Amino acid sequence: MAKKEGSEANHRENERKLDRAKYTVITILVLSLVIFVAIALLAIINEGVGRFFGTLSSISPFYYSLALVCVLIGELLGFPKWELFIRKLGVRIDRLKNLEIYLSMFSMEITPGRWGRAVVSYTLNRHTGVKFARTFPAVVADIFTDFLGFVILALVSAFLVHTYALASLAIIALLLIPFIFIYVRGPFEWLKDLLGKHRSFDGFFEIGSAYFDSNKLLGGGTYAYAMVFTLPSMLMNGLALYFVILSFGVPLSIGLLPTVLFVYTSAMLLGMVSGMPGALGLADAAFLGYLVTYFGAADGVTLGVAAAITIMFRVASIWFVEGVGSVFLVRTMRYWKSRKRVKLKRT
């Protein structure tokens with residue numbers, strides 16, 4: 001009885017954490033709206049109200065729809081690797097239900113470090129009964145492989161454009177540091193020896209130990225397989241920016257796609273360094289600067305056009321993604337109330 005009551009108390013605490021995560025997402029979305037307004041005001045001051053809103057209203061629904069499709073395909077391309085991660089960890093679940101749960105993680109896409117994606121581990125726990133720490137390595141692996149795919153795209157585009165390749169390497173090395181603590185057990189064991197005598201840390205170290213034990217099940221081959229899907233996924237996000245640019249009548253040839261990919265990856269890298277959720281603020285400023293620098297003189301991208309492109313691309317890559325994820329989060333919340341458990345197979 002005491003064990004059951006303790007388990008339910010943990011569930012209630014997890015649900016409170018999820019509520020806080022939802023409030024965080026809402027706060028960040030409001031912040032992104034404030035940034036959009038600031039970008040619009042900058043363009044209006046520079047070019048006037050009529051010209052800026054004329055640019056916004058000129059957007060091509062056809063090309064912008066292609067951008068949204070690219071974003072959606074990019075997210076769906078990550079599902080095969082997610083399915084493999086879950087299978088390697090010994091969880092067997094209906095594919096469609098797993099797809100729902102996978103898509104629900106994008107409701108937390110702009111939480112700090114994207115760690116709000118851990119919501120799927122809670123959902124899997126409530127639906128299958130498998131412990132949170134058992135499936136959390138799949139969440140980490142999904143974030144890490146996304147980052148690796150992004151890194152490869154950033155480096156390739158930087159070398160193709162012959163710009164900031166060394167700077168990109170330095171930024172990437174800096175951003176890789178947190179993953180050392182997630183994938184190398186030594187620092188965790190050192191911390192455990194240092195603080196393990198304090199009972200208040202028992203829960204943290206219990207989950208941490210279970211996490212590292214489960215993480216061994218994934219294996220290096222799993223990560224190599226994941227990259228087959230991650231690289232096209234990252235490419236689709238860059239292609240979405242290309243279609244957003246086209247949607248405002250900028251005559252870019254397909255030959256300029258490497259430059260567009262460079263603009264996308266470089267702006268996002270700068271935003272990641274800032275530590276802001278969703279790379280807000282610095283990335284948006286970088287988009288403005290890069291778009292005018294690389295497509296201004298030759299292709300007619302003024303500050304007003306760059307502002308419109310930045311706003312609408314971020315709507316696609318943040319608001320649209322959050323919207324899709326939120327729809328599936330609401331759908332999967334029915335598992336939080338369920339006491340049903342599906343059969344598990346351990347590998």
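Looking across THR55, THR123, THR27, one residue alone is under 29 Å from GLY220 (Cβ atoms) and either free of Cβ contacts under 8 Å to residues at least 24 places away in the same chain or out of contact with any His (no Cβ under 9 Å at 6 or more places or on another chain) (or both). It is THR123. Select from region 99-143 the residues that are at pLDDT below 90 and small (Gly, Ala, Ser) and list them in ascending order. Once the filter is applied, which keeps residues that are at pLDDT below 90 and small (Gly, Ala, Ser), region 99-143 yields SER107, GLY113, GLY116, ALA118, SER121, GLY129, ALA133, ALA138, ALA141.
Only one of the numbered conditions (1) closer than 23 Å to GLY221 by Cβ; (2) surrounded by 13 or more Cβ atoms within 10 Å (Cβ to Cβ); (3) at pLDDT below 75 is violated by ILE180, and that is (2).
In the set GLY186, GLY196, GLY219, GLY203, only one residue is over 18 Å from VAL139 (Cβ atoms), surrounded by fewer than 16 Cβ atoms within 10 Å (Cβ to Cβ) and modelled with pLDDT of 70 or more; that residue is GLY186.
For region 1-98, the helices (runs of 4 or more DSSP H) that sit wholly inside it and include 3 or more residues that are of a type in the set (Phe, Trp, Tyr) and either over 21 Å from SER247 (Cα atoms) or modelled with pLDDT of 90 or more (or both) are 61-76, 79-88. Picking from residues in region 64-87 that are farther than 10 Å from ASN237 by Cα and of a type in the set (Gly, Ala, Ser), the one that is surrounded by the most Cβ atoms within 10 Å (Cβ to Cβ) is GLY78.
The values are calculated or read from the model by the stated rules, or taken from the named source; none is laboratory data. Here the structure is a predicted model, which means the values were calculated and not measured. Neighbour counts run over all protein chains shown; Cβ positions are idealised from the backbone, glycine included.
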